[in-house]
1. Please list, ordered by first then second residue, the pairs with beta carbon atoms under 8 Å, 6 or more apart or interchain, first in region 51-66 and closer than 21 Å to residue 87 by Cα and at pLDDT 95 or above, second within 16 Å of the ligand (Cβ to nearest atom) and of a type in the set (Gly, Ala, Ser).
2. Give the residues of region 26-73 that are under 18 Å from residue 103 (Cβ atoms), assigned to a loop (DSSP other than H, G, I, E, B) and aliphatic (A, V, I, L, M), sorted by residue number.
3. Counting just the residues of region 16-25 that are more than 9 Å from the ligand (Cβ to nearest atom) and either modelled with pLDDT of 95 or more or farther than 22 Å from residue 100 by Cα (or both), which one comes out surrounded by the most Cβ atoms within 10 Å (Cβ to Cβ)?
4. Would you pick out the residues in region 85-99 that are more than 10 Å from the ligand (Cβ to nearest atom) and more than 14 Å from residue 70 (Cα to Cα)?
Amino acid sequence: MVTDDRSRVATPTNSGVSSGLRVRVDQGACTGDGLCVTRAPSVFEHDIDGLAYVKTADGDLLTEPGARTVIPLPLVDAVIDAADECPGDCIYVERPDGTLEAGPGS
Ligand code: SF4
């Protein structure tokens, strides 16, 4: 039987609650496959160049390369999953002190 399992697609239940973690994408290594956009569409989005960028909690796309955004608490697991599985190894999840929580080199 085929089921539509959307349990790993996260949407914010309270986007105003910050986890204290921030995330950025290295667009120079992004493949544009869209895994992150599928996992956490409230945090990642493709720009017209086909690469992934991060968004603010208000949904504004931050098109400056390497821009950081805070991760709403309900989306931490989805963003860390995206960083762990990112084919380009180019999603960095950072703690408040700048050390890595997830991503290349963590
Ligand atoms: S998962 Fe990684 S490589 Fe794929 S679109 Fe997102 S940032 Fe780019």
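The values are calculated or read from the model by the stated rules, or taken from the named source; none is laboratory data. Quick caveat: nothing in here was measured; it's all calculated off a predicted structure. Here the Cβ is made from the backbone with ideal geometry for all residues, glycine too, and neighbour counts use every protein chain on show.
1. Final answer for the pair search is 51/32; 52/32; 52/34; 53/67; 54/67; 55/42; 65/28.
2. Matches in region 26-73: 29, 40, 43, 51, 67.
3. Here the answer is 23.
4. Selection gives 99 alone.
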